[in-house]
Amino acid sequence: AFRELRKKTILSFAILFFGLHIAAYSNLLRPAPGLMAERYALSASLGFCIFLVWLLFRLQKQNPETFSWAKSKTGFFVYGIALIFGIRTIVRNNDWADKMTLYNHDMEYLGESAKANMLLGGHLADNSIRLNKEAQQYEAQGINAEAQPRYMRADSMLRAGIAYMEQAVNIDPGFTKAWNNLGSYYYLQGNYPLAISTYKKSIVHDSLNHVAWLNMGLSYANLKKTDSAESCYRRAIAIDSAYMQSYQALAQVLTAQEKTPEAIRLLQRAIKKNPRESDIPLESLAKIILTRGDTVAASLLLAEAAFVNPKNVQRLRNLADYFTRNGN
């Protein structure tokens, strides 16, 4: 490309055009965002197409300046290539039916990609959670014939998701997000000791990962190791004092230890710290007030939380029921 640059040849232009347009997505300077992103190669592919046409003319020993569609075999080659790749494009469209179809299809080519394994593992786990919720709803209605198959599929999907996530951390042991997600999946399985050891591996690579500290605390809490859970929550708050879930978890521990005044002060501090997400500590505070039998004050706190985050449907339902019962 550089040798023929001064001559301004088509070959030089095609190679440089391709190189410049693919450079931003080559992972040389930093990892490119996203995955299965044919769009990243779209502009660069024009350089490849120019090269391909140039090559056809060279093989046919034909001058493009004297080219005629009616008199040249090269035109038939161009038509043929366009037809083949047109069909291939249409076939590829089917792979984009949904995320599961796309990820499953492309894993054949991306088996050694940590990110691809993490994405597929995460999608399987998300579907597992969704199926579990559906199964619980059917079970609550007494429709076990619908609930049990969903429980089985959810368990199967979660196991598959864990396998892909384990593959992701095997490929890239420094993949913090994958370690953290894997710990969450062990947590969903109820395997809290394994979840804790996985979160610890995440923290080894990123000691400032407040979500990993919080999740590790939740795992300790399920094992009734309250002191360890409290330590993890406090560490998470120290790292990110605006992350409301850490305050919520620590308040639960303090309340269980009968340190209610300290829990209330903690939640009040959280409300001031991050007003945009204060619905989480407001709801926790309302629950504490409810244990004291003060439903009026608790409902006001929940109403305030509903104004902060009007998208929490269950909270709105609870408030609607409460005000209806009170004739308001």
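The values are calculated or read from the model by the stated rules, or taken from the named source; none is laboratory data. All values derive from a computational prediction rather than experimental measurement. Every residue, glycine among them, receives a Cβ derived from its backbone with ideal geometry; neighbour counts consider all protein chains shown. Ligands, DNA and RNA are stripped out before the accessible areas are found, and what is left, the full protein with its side chains, is counted by its heavy atoms. Shrake-Rupley method; radii C 1.70, N 1.55, O 1.52, S 1.80 Å.
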Item to complete: Hey, can you tell me all the residues within segment 91-113 that are closer than 21 Å to Ala125 by Cβ and surrounded by 11 or more Cβ atoms within 10 Å (Cβ to Cβ)?
Response: Lys99, Met100, Thr101, Leu102, Tyr103, Asn104, His105, Asp106, Met107, Leu110, Gly111, Ser113
Practice prompt. Would you mention how many residues in segment 287-296 are surrounded by fewer than 14 Cβ atoms within 10 Å (Cβ to Cβ) and in a helix (DSSP H, G or I)?
Written response: 2
Practice prompt. Take segment 178-189 and flag every residue that is among the aromatic types (Phe, Trp, Tyr) and either in contact with a Phe, Trp or Tyr (Cβ under 8 Å, 6 or more places away or on another chain) or not in a helix (DSSP H, G or I) (or both).
Written response: Trp179, Tyr186
Worksheet item: Got at least one residue in segment 275-286 being within 29 Å of Leu188 (Cα to Cα), part of a helix (DSSP H, G or I) and among the hydroxyl-bearing types (Ser, Thr, Tyr)?
Response: yes
Discussion item. For segment 47-67, give me the residue count where each residue is polar (S, T, N, Q), without any contact (Cβ under 8 Å) to a residue 12 or more places away in the chain and touching a helix residue (DSSP H, G or I) at 6+ places or on another chain (Cβ under 8 Å).
Written reply: 1
Worksheet item: Looking at Arg88, Arg6, Arg30, Arg58, which one is at pLDDT 85 or above, outside any helix (DSSP H, G or I) and open to solvent by 70 Å² or more (accessible area, probe 1.4 Å)?
Response: Arg6
Worksheet item: Counting just the residues of segment 129-177 that are part of a helix (DSSP H, G or I) and among the aromatic types (Phe, Trp, Tyr), which one comes out nearest to Ala116 (Cα to Cα)?
Response: Tyr164
Discussion item. Give me the residue from segment 260-283 that is open to solvent by 60 Å² or more (accessible area, probe 1.4 Å) and closer than 19 Å to Lys311 by Cβ and, out of that set, farthest from the chain's Cα centre (by Cα).
Written reply: Pro275
Discussion item. Which count do you get for residues in segment 84-105 that are acidic (Asp, Glu) and either closer than 15 Å to Ala178 by Cβ or touching a Leu at 6+ places or on another chain (Cβ under 8 Å) (or both)?
Written reply: 1
Fill in: Filtered residues of segment 297-317 (kept if open to solvent by less than 80 Å² (accessible area, probe 1.4 Å) and in contact (Cβ under 8 Å) with a residue 12 or more places away in the chain)
Ala298, Ser299, Leu301, Leu302, Ala303, Ala305, Ala306, Val308, Asn309, Asn312, Arg315
